[in-house]
Amino acid sequence: MGYPAIVSDLPSHDVISWPDLPAAQQPQWPDAAHLEQVSAALATVPPLVFAGECDQLVDQLGAVARGEAFVLMGGDCAETFAANTANSIRARLKTVLQMAVVLTYGSRMPVVKIGRMAGQYFKPRSKPNETHGEVTLPSYFGDGVNDQPFEAQARRLDPQRLLSAYHASSAALNLVRAFTQGGYADLHQVHAWNQDFVRESQAGIRFERLAREIDNALAFMKACGADPEEFRRVDFYAGHEALVLDYERPLVRIDSRTGNPYSVSGHFLWVGERTRDLDSAHVQFASLIHNPIGVKLGPTATPEDAVELAQALNPERIPGRLTFITRMGAGKIAETLPPIVEKVEADGHPVVWVCDPMHGNTRETSGGVKTRQFEDVTAEVHGFFEVHRTLGTHPGGLHIELTGDDVTECLGGIDGPQEQDLPYRYETACDPRLNRVQSLELAFEVAQRLEELR
(Lines give C-alpha, C1' and ligand atoms only; values in the text may rest on other atoms or scores of the structure.)
Protein backbone atom coordinates (compact mmCIF):
# COMPACT_ATOMS: atom_id res chain seq x y z
CA MET A 1 0.00 0.00 0.00
CA GLY A 2 1.39 3.36 -1.01
CA TYR A 3 2.15 6.56 0.87
CA PRO A 4 -1.10 7.87 2.40
CA ALA A 5 -2.05 11.18 0.85
CA ILE A 6 -3.67 13.55 3.31
CA VAL A 7 -7.42 13.56 2.94
CA SER A 8 -9.68 16.29 4.29
CA ASP A 9 -12.03 15.36 7.10
CA LEU A 10 -14.68 17.59 5.61
CA PRO A 11 -17.75 15.71 4.39
CA SER A 12 -18.38 15.96 0.67
CA HIS A 13 -22.13 15.56 0.41
CA ASP A 14 -22.22 18.60 -1.85
CA VAL A 15 -20.01 16.76 -4.36
CA ILE A 16 -21.52 13.29 -4.06
CA SER A 17 -25.21 13.58 -4.82
CA TRP A 18 -27.81 12.03 -7.08
CA PRO A 19 -31.10 13.96 -6.99
CA ASP A 20 -34.10 11.90 -8.03
CA LEU A 21 -32.03 8.95 -9.28
CA PRO A 22 -33.30 5.46 -8.47
CA ALA A 23 -31.28 3.41 -6.00
CA ALA A 24 -32.09 -0.31 -5.96
CA GLN A 25 -31.40 -2.69 -3.09
CA GLN A 26 -31.44 -0.01 -0.38
CA PRO A 27 -32.59 -0.79 3.18
CA GLN A 28 -35.86 0.78 4.20
CA TRP A 29 -34.69 2.01 7.58
CA PRO A 30 -37.44 2.27 10.19
CA ASP A 31 -35.89 5.26 12.01
CA ALA A 32 -34.87 8.22 9.83
CA ALA A 33 -33.55 10.25 12.77
CA HIS A 34 -31.28 7.41 13.85
CA LEU A 35 -29.98 7.07 10.29
CA GLU A 36 -29.19 10.79 10.19
CA GLN A 37 -27.19 10.51 13.42
CA VAL A 38 -25.20 7.58 12.05
CA SER A 39 -24.56 9.37 8.74
CA ALA A 40 -23.24 12.38 10.62
CA ALA A 41 -20.91 10.15 12.63
CA LEU A 42 -19.64 8.35 9.51
CA ALA A 43 -18.92 11.69 7.87
CA THR A 44 -16.30 12.49 10.53
CA VAL A 45 -14.55 9.15 11.13
CA PRO A 46 -10.94 8.67 9.95
CA PRO A 47 -10.42 7.21 6.47
CA LEU A 48 -10.01 3.47 6.11
CA VAL A 49 -7.86 3.91 2.98
CA PHE A 50 -6.01 6.82 1.43
CA ALA A 51 -6.19 8.58 -1.90
CA GLY A 52 -2.55 7.82 -2.66
CA GLU A 53 -3.18 4.10 -2.22
CA CYS A 54 -6.14 4.28 -4.60
CA ASP A 55 -4.01 6.07 -7.19
CA GLN A 56 -1.33 3.41 -6.82
CA LEU A 57 -3.93 0.72 -7.46
CA VAL A 58 -5.14 2.55 -10.60
CA ASP A 59 -1.55 2.46 -11.87
CA GLN A 60 -1.22 -1.25 -11.15
CA LEU A 61 -4.56 -2.04 -12.79
CA GLY A 62 -3.43 0.07 -15.72
CA ALA A 63 -0.66 -2.49 -16.22
CA VAL A 64 -3.34 -5.20 -16.23
CA ALA A 65 -5.33 -3.29 -18.87
CA ARG A 66 -2.18 -3.18 -21.03
CA GLY A 67 -1.64 -6.94 -20.68
CA GLU A 68 1.39 -6.54 -18.42
CA ALA A 69 -0.10 -7.93 -15.19
CA PHE A 70 -2.94 -10.06 -13.79
CA VAL A 71 -5.35 -9.22 -10.97
CA LEU A 72 -6.70 -11.61 -8.34
CA MET A 73 -9.78 -10.56 -6.36
CA GLY A 74 -10.78 -13.02 -3.66
CA GLY A 75 -12.48 -13.25 -0.31
CA ASP A 76 -15.72 -13.82 1.52
CA CYS A 77 -19.13 -13.74 -0.06
CA ALA A 78 -20.56 -11.84 2.92
CA GLU A 79 -18.31 -10.88 5.79
CA THR A 80 -19.78 -11.22 9.26
CA PHE A 81 -18.89 -9.45 12.46
CA ALA A 82 -18.49 -12.80 14.23
CA ALA A 83 -15.89 -13.99 11.68
CA ASN A 84 -13.87 -10.78 11.87
CA THR A 85 -11.18 -12.55 13.88
CA ALA A 86 -7.42 -12.75 13.44
CA ASN A 87 -7.57 -16.44 12.53
CA SER A 88 -10.29 -15.97 9.92
CA ILE A 89 -8.64 -12.94 8.32
CA ARG A 90 -5.25 -14.64 8.29
CA ALA A 91 -6.72 -17.76 6.65
CA ARG A 92 -8.39 -15.75 3.87
CA LEU A 93 -5.27 -13.67 3.34
CA LYS A 94 -3.12 -16.80 3.20
CA THR A 95 -5.39 -18.32 0.57
CA VAL A 96 -5.18 -15.26 -1.69
CA LEU A 97 -1.39 -15.07 -1.21
CA GLN A 98 -0.96 -18.75 -2.10
CA MET A 99 -3.08 -18.32 -5.20
CA ALA A 100 -1.10 -15.22 -6.17
CA VAL A 101 2.20 -17.10 -5.88
CA VAL A 102 0.89 -19.82 -8.20
CA LEU A 103 -0.44 -17.26 -10.70
CA THR A 104 2.79 -15.26 -10.64
CA TYR A 105 4.88 -18.29 -11.47
CA GLY A 106 2.45 -19.41 -14.16
CA SER A 107 2.13 -16.05 -15.88
CA ARG A 108 5.60 -14.62 -15.18
CA MET A 109 3.73 -11.38 -14.57
CA PRO A 110 3.00 -9.30 -11.48
CA VAL A 111 -0.26 -10.23 -9.76
CA VAL A 112 -2.30 -7.40 -8.25
CA LYS A 113 -3.98 -8.65 -5.07
CA ILE A 114 -7.38 -7.32 -3.97
CA GLY A 115 -9.28 -8.89 -1.07
CA ARG A 116 -13.06 -9.05 -0.89
CA MET A 117 -12.75 -7.90 2.69
CA ALA A 118 -12.99 -4.99 5.11
CA GLY A 119 -16.30 -3.78 3.68
CA GLN A 120 -18.23 -6.73 2.24
CA TYR A 121 -20.89 -6.50 4.97
CA PHE A 122 -23.81 -5.82 2.64
CA LYS A 123 -25.63 -8.17 0.26
CA PRO A 124 -28.28 -7.64 -2.43
CA ARG A 125 -31.31 -9.89 -2.14
CA SER A 126 -33.91 -11.11 -4.61
CA LYS A 127 -36.76 -10.29 -2.24
CA PRO A 128 -36.99 -7.71 0.55
CA ASN A 129 -38.80 -10.14 2.82
CA GLU A 130 -38.52 -13.79 3.77
CA THR A 131 -41.38 -16.03 4.90
CA HIS A 132 -41.18 -19.17 7.03
CA GLY A 133 -44.57 -20.70 7.65
CA GLU A 134 -46.85 -17.85 8.64
CA VAL A 135 -44.04 -15.50 9.73
CA THR A 136 -42.67 -12.86 7.36
CA LEU A 137 -39.58 -10.84 8.26
CA PRO A 138 -37.08 -8.68 6.37
CA SER A 139 -34.49 -10.65 4.42
CA TYR A 140 -30.92 -10.77 5.69
CA PHE A 141 -29.09 -7.93 3.92
CA GLY A 142 -25.70 -8.54 5.51
CA ASP A 143 -24.34 -7.80 8.95
CA GLY A 144 -24.06 -4.11 8.06
CA VAL A 145 -27.87 -3.93 7.98
CA ASN A 146 -29.34 -6.73 10.13
CA ASP A 147 -28.54 -10.19 11.51
CA GLN A 148 -28.93 -13.74 10.21
CA PRO A 149 -31.25 -15.49 12.72
CA PHE A 150 -34.86 -15.60 11.57
CA GLU A 151 -36.13 -13.60 14.53
CA ALA A 152 -37.90 -10.26 14.62
CA GLN A 153 -35.23 -8.46 16.63
CA ALA A 154 -32.34 -9.90 14.61
CA ARG A 155 -33.92 -9.04 11.26
CA ARG A 156 -34.74 -5.47 12.25
CA LEU A 157 -32.94 -3.03 9.95
CA ASP A 158 -30.64 -1.11 12.30
CA PRO A 159 -28.65 1.96 11.08
CA GLN A 160 -26.23 1.54 14.00
CA ARG A 161 -24.85 -1.46 12.14
CA LEU A 162 -23.40 0.90 9.54
CA LEU A 163 -21.02 2.18 12.20
CA SER A 164 -20.31 -1.38 13.30
CA ALA A 165 -19.37 -2.22 9.69
CA TYR A 166 -16.95 0.71 9.63
CA HIS A 167 -15.27 -0.35 12.88
CA ALA A 168 -15.08 -4.00 11.79
CA SER A 169 -13.53 -2.92 8.48
CA SER A 170 -11.01 -0.76 10.32
CA ALA A 171 -9.95 -3.66 12.53
CA ALA A 172 -9.65 -6.00 9.54
CA LEU A 173 -7.56 -3.53 7.53
CA ASN A 174 -5.23 -2.90 10.46
CA LEU A 175 -4.60 -6.62 10.71
CA VAL A 176 -4.10 -7.04 6.95
CA ARG A 177 -1.61 -4.18 6.94
CA ALA A 178 0.29 -5.77 9.83
CA PHE A 179 0.42 -9.14 8.08
CA THR A 180 1.39 -7.87 4.64
CA GLN A 181 3.91 -5.26 5.77
CA GLY A 182 5.33 -7.06 8.81
CA GLY A 183 6.83 -10.20 7.29
CA TYR A 184 3.89 -12.63 7.18
CA ALA A 185 3.83 -12.33 3.37
CA ASP A 186 7.59 -12.98 3.17
CA LEU A 187 8.21 -15.40 0.30
CA HIS A 188 10.77 -17.13 2.52
CA GLN A 189 7.74 -18.23 4.60
CA VAL A 190 5.98 -19.82 1.64
CA HIS A 191 6.31 -23.35 3.10
CA ALA A 192 4.64 -22.20 6.32
CA TRP A 193 1.48 -21.28 4.40
CA ASN A 194 0.90 -24.97 3.70
CA GLN A 195 1.17 -26.54 7.17
CA ASP A 196 -2.47 -27.53 7.57
CA PHE A 197 -5.24 -29.57 5.91
CA VAL A 198 -4.22 -28.28 2.47
CA ARG A 199 -0.84 -29.96 2.61
CA GLU A 200 -2.15 -33.49 2.03
CA SER A 201 -4.26 -32.53 -0.98
CA GLN A 202 -3.13 -32.84 -4.58
CA ALA A 203 -3.12 -29.05 -4.85
CA GLY A 204 -1.08 -28.82 -1.65
CA ILE A 205 1.49 -31.28 -2.96
CA ARG A 206 1.86 -29.23 -6.14
CA PHE A 207 2.25 -26.09 -4.03
CA GLU A 208 5.04 -27.72 -1.99
CA ARG A 209 6.94 -28.42 -5.21
CA LEU A 210 6.45 -24.80 -6.24
CA ALA A 211 7.65 -23.65 -2.81
CA ARG A 212 10.90 -25.53 -3.29
CA GLU A 213 11.40 -23.79 -6.64
CA ILE A 214 10.80 -20.44 -4.91
CA ASP A 215 13.35 -21.31 -2.22
CA ASN A 216 15.96 -22.06 -4.87
CA ALA A 217 15.15 -18.87 -6.79
CA LEU A 218 15.33 -16.73 -3.64
CA ALA A 219 18.66 -18.27 -2.68
CA PHE A 220 20.02 -17.43 -6.13
CA MET A 221 18.72 -13.85 -6.00
CA LYS A 222 20.13 -13.37 -2.51
CA ALA A 223 23.52 -14.59 -3.74
CA CYS A 224 23.26 -11.99 -6.51
CA GLY A 225 22.77 -9.23 -3.94
CA ALA A 226 18.98 -8.74 -4.08
CA ASP A 227 17.43 -6.77 -1.20
CA PRO A 228 15.69 -9.25 1.18
CA GLU A 229 13.08 -6.59 2.02
CA GLU A 230 11.71 -6.88 -1.51
CA PHE A 231 10.40 -10.32 -0.62
CA ARG A 232 9.01 -9.48 2.83
CA ARG A 233 6.22 -7.08 1.92
CA VAL A 234 3.32 -7.17 -0.48
CA ASP A 235 0.77 -4.64 -1.72
CA PHE A 236 -2.69 -5.87 -0.75
CA TYR A 237 -5.81 -3.84 -1.42
CA ALA A 238 -9.33 -3.97 0.00
CA GLY A 239 -12.42 -4.09 -2.22
CA HIS A 240 -16.16 -4.50 -1.79
CA GLU A 241 -19.45 -3.90 -3.56
CA ALA A 242 -20.65 -0.31 -3.16
CA LEU A 243 -24.19 -1.36 -2.39
CA VAL A 244 -25.69 0.53 0.57
CA LEU A 245 -25.31 4.20 -0.29
CA ASP A 246 -26.15 5.31 3.25
CA TYR A 247 -22.79 3.73 4.16
CA GLU A 248 -20.80 4.79 1.11
CA ARG A 249 -21.79 8.41 0.71
CA PRO A 250 -20.65 9.66 4.17
CA LEU A 251 -17.30 7.91 3.66
CA VAL A 252 -16.27 10.15 0.77
CA ARG A 253 -13.51 12.65 1.45
CA ILE A 254 -11.82 15.39 -0.58
CA ASP A 255 -8.18 14.74 -1.44
CA SER A 256 -6.16 17.76 -0.32
CA ARG A 257 -3.68 17.31 -3.19
CA THR A 258 -6.18 17.55 -6.02
CA GLY A 259 -9.57 18.53 -4.60
CA ASN A 260 -11.01 15.30 -6.01
CA PRO A 261 -13.46 13.11 -4.07
CA TYR A 262 -12.36 9.61 -3.05
CA SER A 263 -14.21 6.89 -1.23
CA VAL A 264 -12.27 6.05 1.91
CA SER A 265 -14.35 2.91 2.60
CA GLY A 266 -12.11 0.74 0.36
CA HIS A 267 -9.50 0.96 -2.36
CA PHE A 268 -11.58 -0.74 -5.07
CA LEU A 269 -15.39 -0.53 -5.24
CA TRP A 270 -17.67 -2.23 -7.70
CA VAL A 271 -21.26 -1.77 -8.84
CA GLY A 272 -23.24 -5.01 -8.85
CA GLU A 273 -25.27 -6.66 -11.58
CA ARG A 274 -28.52 -5.59 -9.90
CA THR A 275 -27.56 -1.92 -9.50
CA ARG A 276 -25.66 -1.11 -12.72
CA ASP A 277 -28.46 0.71 -14.59
CA LEU A 278 -26.89 3.65 -16.37
CA ASP A 279 -29.26 6.20 -14.82
CA SER A 280 -28.97 4.86 -11.27
CA ALA A 281 -27.61 6.41 -8.11
CA HIS A 282 -24.98 3.66 -7.88
CA VAL A 283 -23.48 4.44 -11.28
CA GLN A 284 -23.65 8.17 -10.49
CA PHE A 285 -21.78 7.55 -7.23
CA ALA A 286 -19.12 5.48 -8.98
CA SER A 287 -18.68 8.13 -11.67
CA LEU A 288 -17.90 10.84 -9.10
CA ILE A 289 -15.27 9.15 -6.94
CA HIS A 290 -11.69 8.78 -8.14
CA ASN A 291 -11.06 5.26 -6.85
CA PRO A 292 -10.57 2.43 -9.31
CA ILE A 293 -14.02 0.94 -9.85
CA GLY A 294 -15.61 -2.16 -11.28
CA VAL A 295 -18.96 -3.17 -12.75
CA LYS A 296 -20.42 -6.66 -12.74
CA LEU A 297 -21.80 -7.72 -16.14
CA GLY A 298 -24.18 -10.68 -16.17
CA PRO A 299 -25.72 -12.61 -19.07
CA THR A 300 -28.34 -9.90 -19.71
CA ALA A 301 -25.68 -7.24 -20.37
CA THR A 302 -25.46 -6.04 -23.97
CA PRO A 303 -22.48 -4.58 -25.84
CA GLU A 304 -24.28 -1.24 -25.82
CA ASP A 305 -24.70 -1.43 -22.02
CA ALA A 306 -20.97 -2.00 -21.60
CA VAL A 307 -19.94 0.86 -23.88
CA GLU A 308 -22.35 3.31 -22.25
CA LEU A 309 -21.09 2.34 -18.80
CA ALA A 310 -17.49 2.72 -19.91
CA GLN A 311 -18.21 6.18 -21.26
CA ALA A 312 -20.06 7.24 -18.10
CA LEU A 313 -17.51 5.84 -15.65
CA ASN A 314 -14.24 6.48 -17.47
CA PRO A 315 -14.77 9.30 -19.99
CA GLU A 316 -11.07 10.23 -19.83
CA ARG A 317 -10.17 6.61 -20.71
CA ILE A 318 -7.61 6.20 -17.94
CA PRO A 319 -6.13 2.67 -17.97
CA GLY A 320 -6.86 0.98 -14.65
CA ARG A 321 -9.79 3.20 -13.71
CA LEU A 322 -12.50 0.76 -14.88
CA THR A 323 -12.79 -3.00 -14.55
CA PHE A 324 -15.57 -5.11 -16.08
CA ILE A 325 -16.19 -8.22 -13.99
CA THR A 326 -18.10 -10.68 -16.16
CA ARG A 327 -20.37 -13.27 -14.54
CA MET A 328 -22.09 -15.06 -17.40
CA GLY A 329 -22.30 -18.71 -16.30
CA ALA A 330 -20.41 -21.63 -17.78
CA GLY A 331 -23.08 -22.33 -20.39
CA LYS A 332 -23.42 -18.74 -21.64
CA ILE A 333 -19.97 -17.15 -21.61
CA ALA A 334 -18.88 -18.37 -25.06
CA GLU A 335 -21.93 -16.78 -26.66
CA THR A 336 -22.48 -13.69 -24.50
CA LEU A 337 -18.99 -12.36 -23.79
CA PRO A 338 -17.41 -12.00 -27.29
CA PRO A 339 -19.69 -9.26 -28.69
CA ILE A 340 -19.28 -7.27 -25.47
CA VAL A 341 -15.48 -7.46 -25.58
CA GLU A 342 -15.42 -6.68 -29.30
CA LYS A 343 -17.64 -3.62 -28.92
CA VAL A 344 -15.74 -2.18 -25.95
CA GLU A 345 -12.35 -2.78 -27.55
CA ALA A 346 -13.46 -1.33 -30.88
CA ASP A 347 -14.57 1.84 -29.09
CA GLY A 348 -11.12 2.15 -27.53
CA HIS A 349 -12.03 1.82 -23.86
CA PRO A 350 -9.03 0.55 -21.82
CA VAL A 351 -10.92 -1.68 -19.39
CA VAL A 352 -9.60 -4.53 -17.26
CA TRP A 353 -11.43 -7.77 -18.09
CA VAL A 354 -11.99 -9.98 -15.03
CA CYS A 355 -13.87 -13.28 -14.76
CA ASP A 356 -16.25 -13.97 -11.88
CA PRO A 357 -16.97 -17.69 -12.37
CA MET A 358 -19.02 -18.00 -9.18
CA HIS A 359 -22.26 -16.05 -9.45
CA GLY A 360 -23.45 -17.42 -12.78
CA ASN A 361 -23.06 -21.00 -11.59
CA THR A 362 -25.11 -21.15 -8.41
CA ARG A 363 -27.70 -23.91 -8.19
CA GLU A 364 -29.86 -25.62 -5.59
CA THR A 365 -29.70 -29.27 -4.62
CA SER A 366 -32.84 -31.37 -4.46
CA GLY A 367 -32.88 -30.51 -0.75
CA GLY A 368 -32.92 -26.77 -1.45
CA VAL A 369 -29.30 -26.03 -0.50
CA LYS A 370 -27.40 -23.47 -2.59
CA THR A 371 -24.12 -24.77 -3.98
CA ARG A 372 -21.73 -24.49 -6.91
CA GLN A 373 -19.95 -27.20 -8.88
CA PHE A 374 -16.20 -26.73 -9.10
CA GLU A 375 -16.33 -28.08 -12.66
CA ASP A 376 -18.76 -25.29 -13.64
CA VAL A 377 -16.45 -22.71 -12.09
CA THR A 378 -13.45 -23.97 -14.03
CA ALA A 379 -15.52 -24.29 -17.22
CA GLU A 380 -16.44 -20.60 -17.08
CA VAL A 381 -12.79 -19.67 -16.45
CA HIS A 382 -11.68 -21.71 -19.47
CA GLY A 383 -14.44 -20.12 -21.55
CA PHE A 384 -13.28 -16.67 -20.46
CA PHE A 385 -9.70 -17.43 -21.50
CA GLU A 386 -10.81 -18.92 -24.79
CA VAL A 387 -12.84 -15.83 -25.68
CA HIS A 388 -9.87 -13.55 -25.06
CA ARG A 389 -7.47 -15.89 -26.86
CA THR A 390 -9.71 -15.87 -29.93
CA LEU A 391 -10.14 -12.09 -29.89
CA GLY A 392 -6.51 -11.34 -29.09
CA THR A 393 -7.41 -9.47 -25.91
CA HIS A 394 -5.98 -9.83 -22.40
CA PRO A 395 -7.80 -12.02 -19.83
CA GLY A 396 -6.96 -9.69 -16.99
CA GLY A 397 -8.06 -11.37 -13.81
CA LEU A 398 -10.13 -13.58 -11.57
CA HIS A 399 -12.80 -12.62 -9.02
CA ILE A 400 -13.88 -15.40 -6.66
CA GLU A 401 -15.66 -16.03 -3.39
CA LEU A 402 -13.42 -18.08 -1.13
CA THR A 403 -12.54 -18.89 2.43
CA GLY A 404 -9.40 -20.17 4.08
CA ASP A 405 -11.34 -22.85 5.92
CA ASP A 406 -12.15 -26.47 5.08
CA VAL A 407 -15.80 -25.80 4.28
CA THR A 408 -18.12 -28.03 2.25
CA GLU A 409 -20.13 -25.43 0.32
CA CYS A 410 -18.97 -25.96 -3.29
CA LEU A 411 -18.90 -29.46 -4.73
CA GLY A 412 -16.21 -31.21 -6.71
CA GLY A 413 -12.59 -30.74 -7.54
CA ILE A 414 -9.94 -33.44 -7.14
CA ASP A 415 -10.28 -33.57 -3.36
CA GLY A 416 -13.58 -31.73 -3.08
CA PRO A 417 -16.76 -32.53 -1.17
CA GLN A 418 -19.71 -34.34 -2.71
CA GLU A 419 -23.39 -33.56 -2.22
CA GLN A 420 -23.69 -35.76 0.85
CA ASP A 421 -20.89 -33.71 2.47
CA LEU A 422 -22.71 -30.37 2.24
CA PRO A 423 -24.11 -30.40 5.82
CA TYR A 424 -20.75 -31.02 7.50
CA ARG A 425 -19.28 -27.51 7.21
CA TYR A 426 -21.74 -25.31 5.37
CA GLU A 427 -20.92 -22.02 7.09
CA THR A 428 -21.45 -19.19 4.59
CA ALA A 429 -23.63 -16.23 5.50
CA CYS A 430 -24.96 -16.07 1.94
CA ASP A 431 -23.48 -17.80 -1.14
CA PRO A 432 -21.27 -20.93 -1.29
CA ARG A 433 -17.52 -20.31 -1.32
CA LEU A 434 -14.54 -22.29 -2.55
CA ASN A 435 -12.51 -23.76 0.28
CA ARG A 436 -8.76 -23.31 0.33
CA VAL A 437 -7.95 -26.57 -1.48
CA GLN A 438 -10.41 -25.75 -4.26
CA SER A 439 -9.05 -22.20 -4.47
CA LEU A 440 -5.51 -23.46 -4.86
CA GLU A 441 -6.61 -26.03 -7.44
CA LEU A 442 -8.32 -23.26 -9.42
CA ALA A 443 -5.15 -21.16 -9.24
CA PHE A 444 -3.16 -23.97 -10.86
CA GLU A 445 -5.80 -24.24 -13.62
CA VAL A 446 -5.57 -20.51 -14.32
CA ALA A 447 -1.77 -20.53 -14.12
CA GLN A 448 -1.68 -23.19 -16.81
CA ARG A 449 -3.87 -21.05 -19.09
CA LEU A 450 -1.66 -18.02 -18.45
CA GLU A 451 1.43 -20.08 -19.20
CA GLU A 452 -0.10 -21.17 -22.52
CA LEU A 453 -0.63 -17.51 -23.44
CA ARG A 454 2.99 -16.49 -22.81
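Just one residue in the set GLN148, GLN153 is closer than 25 Å to ARG274 by Cβ and either touching a Pro at 6+ places or on another chain (Cβ under 8 Å) or among the polar types (S, T, N, Q) (or both); that residue is GLN148. Could you tell me whether THR136 is among the polar types (S, T, N, Q) and in a strand (DSSP E or B)? Yes, satisfied.
Candidates are the residues of region 294-320 that are of a type in the set (A, V, I, L, M, F, W, C) and outside any helix (DSSP H, G or I); the one that is nearest to the chain's Cα centre (by Cα) is VAL295. The set of residues in region 131-154 that are of a type in the set (D, E, K, R) and without any contact (Cβ under 8 Å) to a residue 24 or more places away in the chain comprises GLU134, ASP147, GLU151.
Please name all residue pairs, on different chains or six or more residues apart, with Cβ atoms under 7 Å, provided the first residue is in region 25-45 and is on the phi > 0 side of the Ramachandran plot and the second residue is of a type in the set (S, T, N, Q). Filtered contacts from region 25-45: GLN25/THR275.
Of everything in region 110-147 that is buried (at least 19 other Cβ atoms within 10 Å of the Cβ) and closer than 21 Å to ARG454 by Cα, the residue that is farthest from the chain's Cα centre (by Cα) is VAL111. Taking the stated definitions as given, is ARG177 among the basic types (Lys, Arg), surrounded by fewer than 18 Cβ atoms within 10 Å (Cβ to Cβ) and farther than 19 Å from ILE400 by Cβ? Considered against the rule, which asks whether it is among the basic types (Lys, Arg), surrounded by fewer than 18 Cβ atoms within 10 Å (Cβ to Cβ) and farther than 19 Å from ILE400 by Cβ, ARG177 comes out as yes. Candidates are the residues of region 370-426 that are among the small types (Gly, Ala, Ser) and out of contact with any strand residue (DSSP E or B) (no Cβ under 8 Å at 6 or more places or on another chain); the one that is surrounded by the fewest Cβ atoms within 10 Å (Cβ to Cβ) is GLY392.
Being crowded, with 21+ Cβ neighbours inside 10 Å and farther than 29 Å from CYS355 by Cβ is true of TYR166.
Where strands (runs of 3 or more DSSP E) fall entirely within region 237-293, those with at least 2 residues that are within 20 Å of PRO315 (Cα to Cα) and in contact with a Gly (Cβ under 7 Å, 6 or more places away or on another chain) are at 268-271.
Within region 338-356, the set of residues being touching a residue at least 60 places away in the same chain (Cβ under 8 Å), buried (at least 22 other Cβ atoms within 10 Å of the Cβ) and either over 21 Å from ALA69 (Cα atoms) or out of contact with any Ser or Thr (no Cβ under 6 Å at 6 or more places or on another chain) (or both) comprises VAL351, ASP356. Could you please let me know if ARG425 is within 26 Å of MET117 (Cα to Cα), under 19 Å from the mean Cα position of the chain (by Cα) and at pLDDT 95 or above? The answer is no for ARG425. Scanning region 77-96 for residues that are surrounded by fewer than 24 Cβ atoms within 10 Å (Cβ to Cβ) and of a type in the set (A, V, I, L, M), we see that the one that is nearest to the chain's Cα centre (by Cα) is ALA78. Among the residues making up region 355-401, none is in contact with a helix residue (DSSP H, G or I) (Cβ under 8 Å, 6 or more places away or on another chain), of a type in the set (D, E, K, R) and assigned to a loop (DSSP other than H, G, I, E, B). Of the residues making up region 105-151, not one is in contact with a strand residue (DSSP E or B) (Cβ under 8 Å, 6 or more places away or on another chain), farther than 19 Å from ILE400 by Cβ, among the hydroxyl-bearing types (Ser, Thr, Tyr) and at pLDDT below 95. Inside region 305-318, residues that are farther than 19 Å from PRO338 by Cα and touching a Lys or Arg at 6+ places or on another chain (Cβ under 6 Å) make up a count of 1.
Scanning region 299-338 for residues that are small (Gly, Ala, Ser) and over 21 Å from ILE114 (Cα atoms) yields ALA301, ALA306, ALA310, ALA312, GLY329, ALA330, GLY331, ALA334. Scanning region 76-125 for residues being in a loop (DSSP other than H, G, I, E, B), touching a residue at least 12 places away in the same chain (Cβ under 8 Å) and among the hydroxyl-bearing types (Ser, Thr, Tyr) gives a total of 2.
The values are calculated or read from the model by the stated rules, or taken from the named source; none is laboratory data. Every value quoted in this text rests on a predicted model; they were computed, and no experiment measured them. Cβ atoms come from the backbone with ideal geometry, glycine included; neighbour counts cover every protein chain shown.
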